[in-house]
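Everything below concerns the one structure shown next.
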Amino acid sequence: MSLTEARFHDLVDATQQAVEDIFDDSDLDLDLENSAGVLTVRFESGTQLIFSRQEPLRQLWLAARSGGFHFDYDQASQRWMCDSSDEQLGEMLARITLEQSGVDLEFEEL
């Protein structure tokens, strides 16, 4: 079953809010900007993470220093899964955040 437009937007909004909350609660020196459905995380090192929604494809996209990744929502696990590696969004975010900031954060709820 594919996601309805409303459900897709609700899921992306909740995911972006959870990401913001995790970064807000961390001790990292970073800037967060959420504008027009795009969440940008700027690390002290100058690197960024950019989350954007791709409505026609019902995907959440993540741009990072290591590349661009596309996530589909898996109804069974209720998680965003990378369409090329089957890695969960939370696992990938933990790895990428460590690579880009040197800080190990937990994104288990994603």
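The values are calculated or read from the model by the stated rules, or taken from the named source; none is laboratory data. Everything numeric here is computed off the predicted structure, so don't read it as measured data. When we count neighbours, we look across all protein chains shown, and the Cβ atoms used for this are built from the backbone with ideal geometry, even at glycine.
List every residue pair whose Cβ atoms sit under 7 Å apart, with the two residues 6 or more apart in sequence or on different chains, where the first one lies in the range 25-48 and is farther than 20 Å from Asp10 by Cβ and modelled with pLDDT of 95 or more and the second, anywhere, is among the acidic types (Asp, Glu) and assigned to a strand (DSSP E or B).
Thr40/Glu33; Arg42/Asp31
Which residues, taken from the range 54-79, are surrounded by 15 or more Cβ atoms within 10 Å (Cβ to Cβ) and of a type in the set (Lys, Arg)?
Correct list: Arg58, Arg79.
Does any residue in the range 76-96 that is in contact (Cβ under 8 Å) with a residue 12 or more places away in the chain come within less than 6 Å, Cβ to Cβ, of a residue that is in a loop (DSSP other than H, G, I, E, B) and surrounded by 17 or more Cβ atoms within 10 Å (Cβ to Cβ) six or more places away or on a different chain, and which pairs are these?
Matching pairs, first to second residue: Leu89/Leu110; Gly90/Phe107; Gly90/Leu110; Leu93/Phe107; Ala94/Phe107.
Residue by residue, here is whether (1) on the phi < 0 side of the Ramachandran plot; (2) touching a Ser or Thr at 6+ places or on another chain (Cβ under 6 Å); (3) charged (D, E, K, R) holds:
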residue	(1), (2), (3)
Thr40	yes, no, no
Thr47	yes, no, no
Gln54	yes, no, no
Trp61	yes, yes, no
Asp72	yes, no, yes
Gln75	yes, no, no
Asp86	no, no, yes
Glu108	yes, no, yes
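Only one of these is in contact with a Ser or Thr (Cβ under 8 Å, 6 or more places away or on another chain), outside any strand (DSSP E or B) and surrounded by 15 or more Cβ atoms within 10 Å (Cβ to Cβ): Ile22, Ile96. Name it.
After ruling out the rest, the residue left standing is Ile96.
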